[in-house]
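**Student:** Just passing along the structure, written as structure tokens.
No value in this document is a laboratory result; all are computed from the given coordinates. No experiment lies behind these values; they were computed from the predicted model shown. Using ideal geometry, Cβ is built from the backbone for each residue, glycine included, and neighbour counts are taken over all protein chains shown.
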Amino acid sequence: GQQLNQSPQSMFIQEGEDVSMNCTSSSIFNTWLWYKQDPGEGPVLLIALYKAGELTSNGRLTAQFGITRKDSFLNISASIPSDVGIYFCAGLNTGTASKLTFGTGTRLQVTL
Amino acid sequence: DTAVSQTPKYLVTQMGNDKSIKCEQNLGHDTMYWYKQDSKKFLKIMFSYNNKELIINETVPNRFSPKSPDKAHLNLHINSLELGDSAVYFCASSTGEMAQYFGPGTRLTVL
């Protein structure tokens, strides 16, 4: 099945640093979603983007829906230890019965 | 708490057994899903139900049978479990084609 390419695959950063990750697709999506998964838990929705070019913030998180509708990025500012986890992007097209296509994930580790 | 809940959290069983996982959402959503997450953390949709009607069946072996008794529940029954069925199974729900909210997962281990 289709996967979205996420980069980087993993990253180690120091507390207080800013983080940037992105997601690219060979096909367009009408909706982009970003999720965070902690160990032993389910993915938690961080940001939903419904319009090409849209830039949306949620606290220290900012995400953008690429104008081509084939990509999205997520930025985390001033990282803290609880930002550790796996971040997934997901694309959704209307009319496909809500079938979410997930990215490969970015594993974030934060050092003090 | 308003959420998507799943039971059990952990399920360890022998090959060949039949088992069920239950899911409930109290978010008032009309669409529910089952996803499988493999050992590499890749998430893939298995099934989707809208108002108790199956709308996605993503080439899953017919040993897997979802059942939706009502809009708030979607259960997954698995017959004749195989080693390769070991994974984490997530239930999710949404309103139509809006963002999906996930349950805490069920870790299935087949011995």
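**Student:** Just to be sure, is A:Gln64 buried (at least 18 other Cβ atoms within 10 Å of the Cβ) and either part of a strand (DSSP E or B) or acidic (Asp, Glu) (or both)?
**Tutor:** Spelling it out, A:Gln64 is indeed buried (at least 18 other Cβ atoms within 10 Å of the Cβ) and either part of a strand (DSSP E or B) or acidic (Asp, Glu) (or both).
**Student:** Still on this model: Output the residue which, of all residues in region A:38-48 that are within 8 Å of another protein chain (Cβ to nearest Cβ) and not in a loop (DSSP other than H, G, I, E, B), is surrounded by the most Cβ atoms within 10 Å (Cβ to Cβ).
**Tutor:** A:Ala48
**Student:** Within the set of pairs 6+ apart or on separate chains, which have a first residue in region B:42-55 that is more than 10 Å from every other protein chain (Cβ to nearest Cβ), a second that is among the aliphatic types (A, V, I, L, M) and assigned to a loop (DSSP other than H, G, I, E, B), and C-beta atoms under 7 Å apart?
**Tutor:** These pairs meet every condition: B:Met46/B:Val60; B:Phe47/B:Val60.
**Student:** Which number in (1) within 20 Å of B:Phe102 (Cα to Cα); (2) within 10 Å of the chain's Cα centre (by Cα) marks the one condition that A:Asn58 misses?
**Tutor:** (2)
**Student:** Further question: Give me a count of the residues in region B:77-103 that are surrounded by fewer than 19 Cβ atoms within 10 Å (Cβ to Cβ), at the interface with another protein chain (Cβ under 8 Å from one of its Cβ atoms) and hydroxyl-bearing (Ser, Thr, Tyr).
**Tutor:** Looking only at that region, the number is 0.
**Student:** Sticking with this one: If you scan region A:67-88, which residues turn out to be of a type in the set (S, T, N, Q), surrounded by 18 or more Cβ atoms within 10 Å (Cβ to Cβ) and under 20 Å from A:Thr104 (Cβ atoms)?
**Tutor:** Scanning region A:67-88 gives a single hit, A:Ser72.
**Student:** Also, quick follow-up: Filter region A:34-64 down to the residues that are out of contact with any Pro (no Cβ under 7 Å at 6 or more places or on another chain) and without any contact (Cβ under 8 Å) to a residue 12 or more places away in the chain and list them by number.
**Tutor:** A:Gly40, A:Val44, A:Glu54, A:Leu55, A:Thr56, A:Ser57, A:Gly59
**Student:** B:Thr31: exposed (fewer than 13 other Cβ atoms within 10 Å of the Cβ) and within 11 Å of another protein chain (Cβ to nearest Cβ), yes or no?
**Tutor:** no
**Student:** Still on this structure: Do you know which residues across region B:48-87 are polar (S, T, N, Q) and more than 17 Å from A:Leu100 (Cβ to Cβ)?
**Tutor:** Within region B:48-87, B:Asn51, B:Asn62, B:Ser65, B:Ser68, B:Asn75, B:Asn79, B:Ser80, B:Ser86 qualify.
**Student:** Which count do you get for residues in region B:1-45 that are closer than 16 Å to B:Glu82 by Cα and of a type in the set (Asp, Glu)?
**Tutor:** 2
**Student:** Return a yes/no flag: does region A:14-23 have any residue that is within 14 Å of chain B (Cβ to nearest Cβ) and part of a strand (DSSP E or B).
**Tutor:** yes
**Student:** Right, here's the next one. Can you find a residue that is over 12 Å from the mean Cα position of the chain (by Cα) and within 23 Å of A:Ala90 (Cα to Cα) anywhere in region B:8-24?
**Tutor:** no
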